[in-house]
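The values are calculated or read from the model by the stated rules, or taken from the named source; none is laboratory data. Since this is a predicted model, take the numbers as computed values, not measurements. Counting neighbours? That spans all protein chains shown, and the Cβs are built from the backbone with ideal geometry, glycine included.
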Amino acid sequence: MKIDDIARLANVSKSAVSLALNGKPGVSEATRAAILKIAEDYHYVPLRNVKKKETSGNRIIRFVACKNSDIVTDNYESMPFFNELLAYLTSEMKNYPFSLLITAVQTESLEEELKALEEEQNSEGILLLGTNLTTRQINRVKKIQPNIVVLDTCVPQLNCDFIAINNYQGAYEAGSYLLQNGHTKIGYARAQTRIYNFKERERGFMDALHRKAISISEKHYYEFPAMDIQTQTEKFAFLSAKEELPTAIFCDNDYIAISLIKTLNILGIQVPNDISVVGFDNISEAKVVIPELTTIHVPKEEIAREALVRIIEKIKHPLADIGLHTFISTKLIERSSCEKITK
C-alpha cells in the first residue's frame, strides 16, 4: 500500500496523509484517526528510505495548487483553465532534465502541508498557483522554498517572480470592442469573490469605458459564482420585464458568461439579439455554449513556457534574488454572442 491508496480510501489529499502519519499538525483529530486506522488495517509500512534512494537522482520541480471553496476548488484539475495549464506544463517539462510533481494542498494548512511534502520529497523549485493566495501566504511558501515562481497572479510590492495574465489589457480590449460596436449602455457581471485577476479586469474594462466618458449604472451590475456554472433565474427575475436592459454585458470570466447566457435564455432574453455578452479566458466550453461566446483568449501555453524558463533560471542561479514580473498579453476572440448596435 502507498500513501496514494490511503489518501483515496480516506478521501483526503496525500499531504494530509503525510501529516497524519508523521504526527504533525495540519489535519483534524478525526481525520488523523481515520487515516491511522486505514494504515493499520491495510498494514501500511513507510517506504521513506527506499523512496529517498529511488528519487535521489531525480530532479524535481513541484507544482503547488492551494485549494479553497471559491476559486481553486477540489476538482480544479478538471476545470478547463487549470487543466490546460497543467497539460502545457507537463508537455513543456519534457524539454528539461526535471520531473514535474503536481501537488494540491488546502489553503488553510498551506505551510504545514508544504513543509511535510518537502521533507518527504524535496524539490529544487516550486511553481505556485497563486490565483487565490494572499501576500502573506506567498511569502510563507518562499520561506520554505526560495526558488519559487508564482503563476496567475501578481503582487507588485513583492520581490518575487510572477507569471501573470495581462488582465488589464484583455479587459480594456473587451471594453473597446463593445464601444466600437456601438454599445454605450453596458453592464458588468462580477465574480462574488474579488481576486487580483478580477480586480485588474474590472479596472481595465472601466478605463476603456471612461475614455469615452461612459459609466455603468449600479442597476447594471450582476454577481455570479466565479467558478461554477449556475443559472440565477430567481435572483435576476426582474430582468424578464426587459425594462432598461443594457445592450451588452462584460463578464469577469467565461464561467460567469455562460451562467449569464443560460439565465437570460430561461428569462426569455435572447443573446445577442437583446443583450450581447463577452467573457474572459476562452475555456473550451466557450465554443459549445449557444450562442458561441465572444471572449478574451489567454495563452496558457505561453504561461507554461515562461514559467519553466524562469524556474530553471532560478535553480541555476539561486543567489540572484531579483524577482521578475512577467505579463502575458491576451487577444479577443470574436464569436456569435455579440452583435453591433445598428439603431
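With the structure loaded, tell me whether Lys143 is of a type in the set (D, E, K, R) and either crowded, with 23+ Cβ neighbours inside 10 Å or at pLDDT 95 or above (or both) or whether it fails that test.
Details: of a type in the set (D, E, K, R): yes; either crowded, with 23+ Cβ neighbours inside 10 Å or at pLDDT 95 or above (or both): no.
No.
From (1) over 21 Å from Ile315 (Cα atoms); (2) part of a loop (DSSP other than H, G, I, E, B); (3) in contact with a Ser or Thr (Cβ under 7 Å, 6 or more places away or on another chain), pick out the condition that doesn't hold for Ile216.
Ile216 satisfies every listed condition except (3).
Would you please name the residue that is modelled with the lowest pLDDT, looking only at residues in the stretch 46-68 that are part of a loop (DSSP other than H, G, I, E, B), within 20 Å of Ala16 (Cα to Cα) and over 12 Å from the mean Cα position of the chain (by Cα)?
Of the residues in the stretch 46-68, the ones part of a loop (DSSP other than H, G, I, E, B) are 46-47, 56-59, 68.
With the extra rule that they be within 20 Å of Ala16 (Cα to Cα), the set shrinks to 46-47, 68.
Remaining after also requiring over 12 Å from the mean Cα position of the chain (by Cα): 46-47.
Values: Pro46: 59, Leu47: 45.
It comes out as Leu47.
Could you check Ile229 against (1) assigned to a loop (DSSP other than H, G, I, E, B); (2) under 22 Å from the mean Cα position of the chain (by Cα); (3) at pLDDT 95 or above; (4) among the aliphatic types (A, V, I, L, M) and say which number it fails?
(3)
Tell me yes or no: at least one residue of the stretch 179-200 is in contact (Cβ under 8 Å) with a residue 24 or more places away in the chain, loosely packed, with under 14 Cβ neighbours inside 10 Å, of a type in the set (S, T, N, Q) and in the same structural domain as Cys251 (by TED's automatic domain parsing).
yes
Identify, please: which residue in the stretch 315-336 is part of a loop (DSSP other than H, G, I, E, B), closer than 21 Å to Gln169 by Cα and not basic (Lys, Arg) and is, among those, modelled with the lowest pLDDT?
Among those residues, the one meeting the criterion is Leu324.
Scan the stretch 1-21 for residues that are modelled with pLDDT of 75 or more and loosely packed, with under 13 Cβ neighbours inside 10 Å and report the count.
Counting residues in the stretch 1-21 that are modelled with pLDDT of 75 or more and loosely packed, with under 13 Cβ neighbours inside 10 Å gives 1.
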